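First comes the structure, then the notes that go with it.
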Amino acid sequence: MAVAHRSEAVKPPPRPVLIAIDGVDGGALMAAARTALGGPGRGGISGWDASGVFQDLAVADAGAGAPSARTLLLLYAADLAFRLRWQIRPALAEGRTVVAAPYVSTAIAFGRAAGLKAGWLTDLFRFAPRPTRQQIVLRRAPDRIAVKDGFVGFGCDRLNWSSAAGTRRQMIAEIAAHLRRSGRRTGTPRPRVRRSA
């Protein structure tokens, strides 16, 4: 019977980690995601529109009309389900780190800013696993952000404004305010709100 020496002890399998990076500026989210990942060998980044559903929406002709906030969030939920099935869960099953940028908090903040009920939004995203860690990335003055990419920018650019209150600038400021509030009451380890330049 062979006896294992301490130096030959079997290492425990790596612990899977899901890091959620949420915010309003797509570029800042991806920069924070790369930093949070700490290197490509540890895992990967899951970004919005992995399924291509928003790319299809972007090239739809004008006859398709502008989507409501509810429609945009249903599409976001479908895209997130795709990301979970093909990117996030397989990597977590291998014990890797996955950074989701953005994740659920950004979508919920978008919906709340558009006037949708919190209960409906919570039910919509109930399928998404709770992240191990969450980071919220916001700029000092969200009302001055010219968001050109990312879900918030895409959503605000294509939103049917007759179904939403206010202007694009007010909507982005309200999304940022909802993210700040959600960061204070989340059930995950306390999120860091990082202010980028």
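The values are calculated or read from the model by the stated rules, or taken from the named source; none is laboratory data. No experiment lies behind these values; they were computed from the predicted model shown. No Cβ is skipped: glycine too gets one built from the backbone with ideal geometry, and neighbour counts run over all protein chains shown.
Would you check if Val137 is out of contact with any Cys (no Cβ under 9 Å at 6 or more places or on another chain), under 20 Å from Met171 (Cβ atoms) and touching a residue at least 24 places away in the same chain (Cβ under 8 Å)?
Judged against the criteria, Val137 is a match.
Please count how many residues of region 159-183 are over 17 Å from the mean Cα position of the chain (by Cα) and modelled with pLDDT under 85.
Adding up the residues that qualify gives 10.
Looking at region 75-103, which of the residues that are among the aromatic types (Phe, Trp, Tyr) and under 12 Å from the mean Cα position of the chain (by Cα) is farthest from Ala20 (Cα to Cα)?
Tyr76
Hey, can you tell me all the residues within region 131-158 that are crowded, with 19+ Cβ neighbours inside 10 Å, at pLDDT 75 or above and on the phi < 0 side of the Ramachandran plot?
Pro131, Gln134, Gln135, Ile136, Val137, Leu138, Phe151, Val152, Gly153, Phe154, Gly155, Cys156
Any idea which of Arg70, Arg85, Arg34, Arg96 is over 20 Å from Phe151 (Cα atoms) and among the basic types (Lys, Arg)?
Working: Arg70 fails: over 20 Å from Phe151 (Cα atoms); Arg85 fails: over 20 Å from Phe151 (Cα atoms); Arg34 fails: over 20 Å from Phe151 (Cα atoms).
Unique residue meeting the criteria: Arg96.
Report, by residue number, each residue of region 17-42 that is under 10 Å from the mean Cα position of the chain (by Cα) and of a type in the set (A, V, I, L, M).
Ile19, Ala20, Ile21, Val24, Leu29
Taking the stated definitions as given, is Ser7 on the phi < 0 side of the Ramachandran plot, polar (S, T, N, Q) and at pLDDT 95 or above?
Working: on the phi < 0 side of the Ramachandran plot: yes; polar (S, T, N, Q): yes; at pLDDT 95 or above: no.
Judged against the criteria, Ser7 is not a match.
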